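Derivation of every value follows stated rules applied to the coordinates shown; laboratory data play no part. Owing to the predicted nature of the structure, the values given are computational and were not obtained by experimental measurement. Virtual Cβ from ideal backbone geometry, glycine too; neighbours counted across all protein chains shown.
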Amino acid sequence: MIFRTALPVAAATLLLASGCAQMQPAGGGASATAQLNPTAGNKVSGTVRFEQSGDKVLVTAVVSGLKPNAEHGFHVHEKGDCSAPDATSAGGHFNPGGKPHAHYDKGERHAGDMPNLRADSAGSTRVMWETSLLSVGGGASNVIGRAVVIHRDPDDYASQPAGNSGPRLACGVIVAGK
């Protein structure tokens with residue numbers, strides 16, 4: 001099931017901030033967060049949260065500084081390293097199953113393939129998405145210690161190995177929740 005909404009950043013930030021103290025994973029499972037920081041010359045920032053609920057993970061992203069009314073590639077990358085000015089230190093898409101890159105609703109795809117982010121007229125977005133190919137806190141599909149990357153261009157969900165999403169605009173290392 002996919003939940004996608006776009007809200008102005010102020011409203012999305014308010015929703016996220018007001019719910020943080022009460023945001024417990026629905027199934028009482030583990031959680032993790034990535035604080036997105038812009039790569040050199042960019043201004044994209046935000047927060048991505050991962051919450052384990054049974055065999056699924058709810059991914060919630062609140063992002064600003066995107067090109068208004070545009071789509072941007074959004075992926076979990078294999079390495080939790082955002083130290084390079086262009087975030088290439090995060091490596092390729094997280095792919096523990098050795099699958100080809102594909103659309104996020106296909107079972108045969110990289111675990112890190114997620115829906116494109118669609119920015120509103122202010123360059124902000126809030127997205128909620130559920131997947132069974134990621135996990136929080138254990139197993140081969142564990143996101144903790146990996147990175148989330150936002151790209152300049154939309155993922156075409158076909159080009160190999162990474163969907164032709166263009167340069168990396170923001171990167172954040174995924175750390176275990178409190």
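Details
- Relative contact order (%) - the stretch 43-178, alpha-carbon pairs under 8 angstrom, separation at least six: 30
- Stretched out straight at 0.36 nm per residue, the stretch from Gln160 to Asn69 would grow longer than its current Cα-Cα span by 30.2 nm.
- In this rough spin-label picture, where each label sits 7 Å from Cα along the Cβ direction, the Ser89-Ala176 distance is 2.3 nm.
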